[in-house]
Amino acid sequence: MPDKPLILVDPHFRQMSEIFSPADRQRLYDQYEVIWGKDEPMPLEAAQEALSRVQAVICADWRYGDALYNASQLRAVLTVSGGFPRSLDYETCFSRRIHVLSAAPGFARAVAEMALALALGASRGIAAGDRAMRAGNEQWLHAGNVGAFMLYGQPVGFIGYGSIARALRPLLAPFGCQISVYDPWLVDGYLRAQGVQPASLERLIESSKVIFVLAAPTSENRALISRDLLERIQPGAVFVLISRSHVVDFDVLTELVCAGRFKAAIDVFPIEPLPLDHPIRQAQEAVLSAHRAGPVVEALWELGEMVLDDLEAILRGLPPQRMQVAQSELIGRYASLAVKKAQSETK
């Protein structure tokens with residue numbers, strides 16, 4: 001038996017240097033006996049055999065099939081992909097008290113920062129002004145600010161109040177915005193204790209000058225923001241799509257933004273890369289970003305830091321504090337997992 005805890009590190013599609021800073025990589029090897037720890041995916045048969053001996057696995061997804069049932073010493077599955085692993089038997093994990101953790105909160109600060117930047121870029125017409133300046137047809141002073149507005153004091157709506165929203169709220173504090181939140185997974189008392197105002201989705205859409213879509217994709221919210229809701233957005237308001245396009249009827253969003261009904265700032269799309277002929281590319285009232293909000297160096301290194309912090313806690317018999325914990329009440333309601341479950345039930 002090794003003196004140090006034995007763990008399997010198989011992070012592909014992530015790279016080791018991408019998620020572990022030099023200091024955390026040293027920490028990893030100082031504290032644990034590491035199996036694999038390479039950028040390439042570990043050969044499946046070897047990984048399945050190793051799982052019978054390890055106390056934890058750090059991976060991007062669960063690709064090891066039924067090896068879970070022979071993993072008698074396994075205490076944690078820690079994923080670095082930004083979501084919970086698919087093809088994992090969660091009931092078995094819960095019954096055996098195997099922690100299943102997602103590093104998604106590690107992206108929260110980076111995504112929140114980008115959400116604020118996109119909101120400011122759209123509300124002040126920064127991208128449109130830059131395009132006009134480069135084309136030589138800019139409008140100066142007051143004429144260049146038609147339709148622009150300041151964020152200060154504006155009513156703001158959050159659709160979803162998870163880790164991104166909790167990171168964004170303090171960034172908006174200096175602007176004095178009243179924040180309304182729609183999140184059916186949270187009770188009103190909790191939201192009020194967070195300093196935000198619970199609201200119905202309809203009321204939030206109608207009353208907010210800036211709307212942030214921050215919800216994780218679930219089995220319940222596909223195209224939740226429908227034509228009816230999109231048509232209720234105030235003229236000239238800003239709609240920031242920063243979590244997943246799953247939540248929005250993207251075709252209708254494109255239609256209305258191209259028609260100039262309101263402004264949009266978008267970092268996520270139904271198809272990525274976005275087809276070159278997609279009409280949203282031509283929308284003058286849109287600020288577009290190629291799914292760049294999360295994967296910056298500091299955010300990716302935070303993934304590794306969070307993984308090592310929570311792994312240390314678990315192996316000391318303490319509860320994890322930094323990563324997102326799979327909860328039995330909610331895990332089957334995440335979109336990718338719900339789809340996987342439905343597919344398995346039809347076989």
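The values are calculated or read from the model by the stated rules, or taken from the named source; none is laboratory data. Just so it is clear, the model here is predicted, and its values are computed rather than measured. Here the Cβ is made from the backbone with ideal geometry for all residues, glycine too, and neighbour counts use every protein chain on show.
Odds and ends about this structure:
This table checks each residue for (1) in the same structural domain as residue 172 (by TED's automatic domain parsing); (2) in contact with an Asp or Glu (Cβ under 9 Å, 6 or more places away or on another chain).
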| residue | (1), (2) |
| --- | --- |
| 45 | no, no |
| 55 | no, no |
| 61 | no, no |
| 66 | no, yes |
| 75 | no, no |
| 94 | no, no |
| 112 | yes, no |
| 116 | yes, no |
| 120 | yes, no |
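- Selection within the range 149-180 - surrounded by fewer than 16 Cβ atoms within 10 Å (Cβ to Cβ) and assigned to a loop (DSSP other than H, G, I, E, B): 150, 152, 153, 176, 178
- Residue match in the range 2-11 (condition: β-branched (Val, Ile, Thr), within 29 Å of the chain's Cα centre (by Cα) and in a strand (DSSP E or B)): yes
- Only a single criterion out of (1) part of a helix (DSSP H, G or I); (2) surrounded by 15 or more Cβ atoms within 10 Å (Cβ to Cβ) is not satisfied by residue 189, namely (2).
- Restricting attention to the range 292-319, the residues that are small (Gly, Ala, Ser) and either in contact (Cβ under 8 Å) with a residue 60 or more places away in the chain or touching a helix residue (DSSP H, G or I) at 6+ places or on another chain (Cβ under 6 Å) (or both) total 4.
- The single residue among 240, 252 that is within 17 Å of the chain's Cα centre (by Cα) and either assigned to a helix (DSSP H, G or I) or farther than 19 Å from residue 335 by Cβ (or both) turns out to be 240.
- One residue alone among 100, 111 is within 30 Å of residue 14 (Cα to Cα), among the β-branched types (Val, Ile, Thr) and assigned to a helix (DSSP H, G or I), and that residue is 111.
- Pairs where the first residue, in the range 245-265, is under 18 Å from residue 290 (Cα atoms) and the second is aromatic (Phe, Trp, Tyr), C-beta under 6 Å, 6+ apart: 245/269; 264/239
- Some residue of the range 334-346 being modelled with pLDDT of 95 or more, assigned by TED's automatic domain parsing to the domain that holds residue 21, closer than 22 Å to residue 221 by Cα and not in a loop (DSSP other than H, G, I, E, B): no
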